[in-house]
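*Asks:* The structure that follows is given in the form of structure tokens.
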Amino acid sequence: MGITIRKAVPSDGSVILSLVEALAAYEKLDPPDREARERLLRDLFSGRPRLECYLADIEGRPSGYAFVLETYSSFLALPTLYLEDLFVLPESRGKKAGYALFTAMVREARTRGCGRMEWTVLDWNEPAINFYKRSGARHMREWHLYRLVKEDVERIAGKENG
């Protein structure tokens, strides 16, 4: 089966959005609204992109995607490639598209001179967890993910100005 991994271009916008919607359905989340969809495409393809998208095509048909961005390790003094999303359509699973996307992102991390590659996985997503374990990825149990949502940011930032 012919799998091609390629960097997305602006004309792939509708394909990317449909794949993001499919991920939302898989994770039982609300898909991005119209404004979020517009921001996503702007952030992918502006003069200074905030993230990048790679598409997995199986026999010329987009079947999955990966979003990546760089963070930075102050202790390594090297960039880290952060894998925000890696998703393959259900009908395309078992055809090695996920593996091809993942290994392409690992090669991208090496090409960029990254000291590491990181991502998060939902605790219920056993197929993904098992895939990453088989790849040799380490579960970082000693690190806890914390998050401020927009309302929290506004509340805290508002205290500074008030």
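Since every read-out is calculated from the coordinates, none of them should be taken as a lab result. Computed from a prediction, not measured in an experiment: that's the story for all the values here. Positions of Cβ are generated from backbone atoms using ideal geometry, with glycine treated the same way; all protein chains shown enter the neighbour counts.
*Asks:* Filter the chymotrypsin sites (Phe, Trp or Tyr not before Pro) in segment 128-162 to those in DSSP coil with at most 13 other Cβ atoms within 10 Å of their Cβ, and list the result.
*Replies:* W143, Y146
*Asks:* How far is it, in nm, from the label point at E38 to the one at R112 when both lie 7 Å from their Cα along the line to the Cβ?
*Replies:* Each label point is offset 7 Å from its Cα along the Cβ direction, giving 2.8 nm.
*Asks:* Identify the trypsin sites (Lys or Arg not before Pro) of segment 1-61 meeting these criteria: DSSP loop state and at most 12 other C-beta atoms within 10 Å of the C-beta.
*Replies:* K28, R50
*Asks:* Also, quick follow-up: Search the structure for amide H atoms under 5 Å from the amide H of E84, placed 1.01 Å from N in the peptide plane, and list their residues when 5 or more places away or on another chain.
*Replies:* So E84 has HN proximity to F67, V68, L69.
*Asks:* Would you mind counting up the charge near Y132? Only other residues with Cβ under 12 Å from its Cβ, with Lys and Arg at +1 and Asp and Glu at -1.
*Replies:* Summing Lys/Arg as +1 and Asp/Glu as -1 gives +1.
*Asks:* Treating only the Cβ of Lys, Arg, Asp and Glu as charged (+1, +1, -1, -1), what charge dipole size does segment 105-162 show about its Cα centre? Round to the nearest 20 debye.
*Replies:* The dipole of segment 105-162 has a size of about 400 debye.
*Asks:* Determine the dipole magnitude for segment 52-137: charges of +1 sit on the beta-carbon of Lys and Arg, -1 on that of Asp and Glu, nothing else is charged, the reference point is the Cα centre, and the result goes in debye to the nearest 20.
*Replies:* The dipole magnitude comes to about 380 debye.
*Asks:* Taking semi-axes √(5λ) of the Cα gyration tensor in Å as the quantity of interest, determine which of (1) 26, 21, 17; (2) 24, 18, 15; (3) 29, 18, 13 was computed from the displayed structure.
*Replies:* Of the listed options (1) 26, 21, 17; (2) 24, 18, 15; (3) 29, 18, 13, (1) comes from this structure.
*Asks:* Can you pull out the chymotrypsin sites (Phe, Trp or Tyr not before Pro) in segment 54-130 whose DSSP state is coil and whose Cβ has at most 13 other Cβ atoms within 10 Å?
*Replies:* Hits after loop and neighbour filter: F75, W124.
*Asks:* Under unit Cβ charges (Lys, Arg +1; Asp, Glu -1), what dipole magnitude, rounded to 20 debye, does the chain have relative to its Cα centre?
*Replies:* 600 debye
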